[in-house]
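Worksheet for the structure shown next.
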Amino acid sequence: MNVLGISAFFHDAAAALLVDGEVVACAQEERFSRIKHDAALPVEAARFCLGQAGLTMADVDHVVFYEKPLRKFERLLVTHLREFPKGLLQFPRAMATWLGQRLWIESDLCKGLGCTREQLLFCEHHLSHAASAFFSSPFERAAVVTVDGVGEWATTSIYRAESSASGSSVELLEELHFPHSIGLLYSALTAYLGFEVNEGEYKVMGLSAYGQPRFLEALERVCSIGDDASLTLDARYFCYPRSATKSFTPELEALLGPARVPGAPLSFPARDDESQRFADVAASLQVLTERYMLALARRAHALTGESALCLAGGVALNCVANRRVQVEGPFERVFVQPAAGDAGGALGSAQWVTHVLGRTPRRAPLRHAFLGAAWAPADIARFLDDCGVEHDVFTDRALLDDEVARLLAEQQVGGWFQGRFEWGPRALGARSIIADARDPNAQDRVNRKIKFRESFRPFAPAVLADEAGRWFELDAPADDLLAPFMCSVVPVRPEVRGELPAVTHVDGTARVQVIHAQDNPRFHSLVEAFRRRTGVGVVLNTSMNLKDEPLCASPAEAYAVFARSDLDFLVLENCLIRRRPA
Amino acid sequence: MRPITPALQTARAAASPARRRRSGFVFVELCRALLQSGRWWLIPFVAVLALSAALLAAVAAVEYVAPFVYTIF
């Protein structure tokens, strides 16, 4: 059974292909279109997925869209009626979008992807998220919690999922409906803090470490959490139900102070009261989010009695909250699908059709995220020759690893391009910028001169599995599921914080990636070479892209990053390019 | 949180199955979905919207229809 999952038309459009239950390929459209968070129909991503399996659209049994557009339209109508006459100006615009495009999704999908109406299926938004988390996990049965901005109506859902020889099921137990949503609260405050919605949420998470939650009491007036993990937002503070451009009202500014103007400087340690106030708002929001996620985990445990939890939805990308759920929650093990946001809906919808409707048995759980496209070393060498780029070709990979380890130990910063690119927002060693985690200047240098982004943002460490406990307060085996995908933030051991300044955040934590040789062999052998040379099996690992650009996919894009930034070297498979001294 | 009872589960599955019986017309499908989800009272609203959309499309597409449409309002 060949099933193609599609997510599109909101943000992070993606395609995922399952062949007889095996995940063959997954990719976000942004990697091909080079438009960050591209929402357009993922024609190129779908073409790549089919090509990876050697299939054509005629070979696909089902094309599954990750949500139900008619139910979403219904929500839009009901919401505008409820808000009438407040959203009157916005209504014609919303109608133009829906009547002009979104209501015709079936024909758009057929035209764009070349499939027939008979091939098309639709899966509910949160069910797609839930399926993506459960069927990618190693669990036979689990509670599943999905939390995001909003799907059709649901903003938060609790499921019980199980698989057996006779089939699989994902049963919805409880859900919370729009407009009450922790995801939309987070987005509204992301906008309040001057960051772009659906893009800047992880900046808010990074910013929160610099603040104190002194606005928590104020936020509790905005948002109350019930005993049954329900959440109620006070409508006076928000206008997202009736506006597509503004999400908070002047009342919120009266409560928290004036909103930050996008692009206004933020400096830490705070040189001005305003920077500190924004950090404090972020910290308060983070505490509230963690508290809600914990309440949800407890509710899911009470409803299901399961010992394992799967998390998905955009809020599940909040690694700090994930860690608290794992450590303080009632579940023994927690799994987060690496593409927990809307892109993951493409995978989940395909998995739901394959395993639940199609009753195809589950295959091995997702142990790595390298599901994108790869380029052959010979093609890369030809590309570099054609462009006249000087490079060294290493036929022996061990020599390449040794040379890169030497450059890193000299505190050079480089690009690392290997194999298939990652599924999800994190670079996990296939399209990474790497540096020496011991270098005290690395964070500032990579932020300012390489990625051109805000100086307060931290970088993640990638650590060898057998050395993780030496540096980080990891709780094996509970952390074995989150750490390989960089889905959890853990404390750096206090006694070694001074040794890893480039990857230790201001609050003494790090969003760690644990590297296992069997799942990520190339990156593992590089960090192993670095350990042989330095005695430290940790490197700084961040995504290979520049500010406001998607992660690199092809060698040409990686070379473009190298050419436009201050990277010292770039490794494209077995080719090493060094920056010539100016 | 809104509990999902077995009855509600069945109703929702009927209201929005993965594969709908397709009429080929979005308007008809939308009305069917609204009927099944219990929000039948939205159907007149949708009908007015659809009619307005059809009128606007007609005005945009055929120039000499416009004067007749304007007189309606």
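The values are calculated or read from the model by the stated rules, or taken from the named source; none is laboratory data. Since the structure is predicted, the reported quantities are computational estimates derived from the model, not experimental observations. When we count neighbours, we look across all protein chains shown, and the Cβ atoms used for this are built from the backbone with ideal geometry, even at glycine.
Side notes on the structure shown:
- For A:G305, the criteria (1) on the phi < 0 side of the Ramachandran plot; (2) at pLDDT 95 or above hold in every case but one, which is (1).
- Restricting region A:349-369 to residues that are β-branched (V, I, T) and in a helix (DSSP H, G or I), the residue that is surrounded by the fewest Cβ atoms within 10 Å (Cβ to Cβ): A:V356
- Among all residues of region A:16-23, there is none that is small (G, A, S), within 14 Å of chain B (Cβ to nearest Cβ) and in contact (Cβ under 8 Å) with a residue 40 or more places away in the chain.
- The residue pairs whose first member lies in region A:557-570 and is touching a residue at least 24 places away in the same chain (Cβ under 8 Å) and within 11 Å of A:F417 (Cβ to Cβ), whose second member is in a helix (DSSP H, G or I) and among the small types (G, A, S), and whose beta carbons are closer than 7 Å, counting only pairs six or more residues apart or on different chains, are A:L570/A:A558.
- Consider region A:251-284 and keep the residues that are within 30 Å of A:L88 (Cα to Cα) and loosely packed, with under 12 Cβ neighbours inside 10 Å. The one that is farthest from the chain's Cα centre (by Cα) is A:A254.
- Residues that are acidic (D, E) and closer than 26 Å to A:E199 by Cβ were ranked within region A:139-160; the one that is surrounded by the fewest Cβ atoms within 10 Å (Cβ to Cβ) is A:E152.
- Pair list, Cβ < 7 Å and 6+ apart or interchain, from region A:62-86 residues that are within 11 Å of another protein chain (Cβ to nearest Cβ) and crowded, with 19+ Cβ neighbours inside 10 Å to residues that are part of a helix (DSSP H, G or I) and of a type in the set (S, T, N, Q): A:H62/A:Q119; A:V64/A:S349; A:F65/A:S349; A:E67/A:S128
- Exactly one residue among A:S163, A:S132, A:S136, A:S128 is polar (S, T, N, Q) and surrounded by fewer than 24 Cβ atoms within 10 Å (Cβ to Cβ), and that residue is A:S163.
- Any hit, region A:316-336, residues being more than 14 Å from chain B (Cβ to nearest Cβ) and of a type in the set (F, W, Y): yes
- Only strands (runs of 3 or more DSSP E) whose full extent lies in region A:126-229 are considered here, and the ones with at least 3 residues that are more than 12 Å from chain B (Cβ to nearest Cβ) are A:141-147, A:154-164.
- Region A:486-504 - residue that is touching a residue at least 12 places away in the same chain (Cβ under 8 Å) and surrounded by fewer than 22 Cβ atoms within 10 Å (Cβ to Cβ) and, of those, farthest from A:V320 (Cα to Cα): A:E499
- Checked against (1) in a loop (DSSP other than H, G, I, E, B); (2) touching a Ser or Thr at 6+ places or on another chain (Cβ under 8 Å), A:R236 passes all but a single condition, namely (1).
- When region A:530-567 is filtered for residues that are closer than 18 Å to A:G388 by Cα and either touching a Cys at 6+ places or on another chain (Cβ under 9 Å) or surrounded by fewer than 23 Cβ atoms within 10 Å (Cβ to Cβ) (or both), the ones remaining, listed by number, are A:S554, A:P555, A:A556, A:E557, A:A558, A:Y559, A:A560, A:V561, A:A563, A:R564.
- Of all residues in region B:34-45, those satisfying the criterion of being in a helix (DSSP H, G or I) and modelled with pLDDT of 85 or more are B:L34, B:L35, B:W40, B:W41, B:L42, B:I43, B:P44, B:F45.
- The residue that is farthest from B:F45 (Cα to Cα), among those in region A:99-118 that are among the hydrophobic types (A, V, I, L, M, F, W, C) and within 11 Å of another protein chain (Cβ to nearest Cβ), is A:I105.
- Subset of region A:59-77 that is hydrophobic (A, V, I, L, M, F, W, C) and in contact with a strand residue (DSSP E or B) (Cβ under 7 Å, 6 or more places away or on another chain) - its residue that is nearest to A:F91 (Cα to Cα): A:F65
- Flag for A:V287 being crowded, with 24+ Cβ neighbours inside 10 Å, more than 17 Å from A:A131 (Cα to Cα), among the aliphatic types (A, V, I, L, M) and touching a Leu at 6+ places or on another chain (Cβ under 7 Å): no
- Among the conditions (1) closer than 22 Å to A:V78 by Cβ; (2) touching a helix residue (DSSP H, G or I) at 6+ places or on another chain (Cβ under 7 Å), the only one that A:C239 does not satisfy is (2).
- Assessment of region A:411-426 against the conditions (closer than 21 Å to A:R564 by Cβ and without any contact (Cβ under 8 Å) to a residue 24 or more places away in the chain) yields no matching residue.
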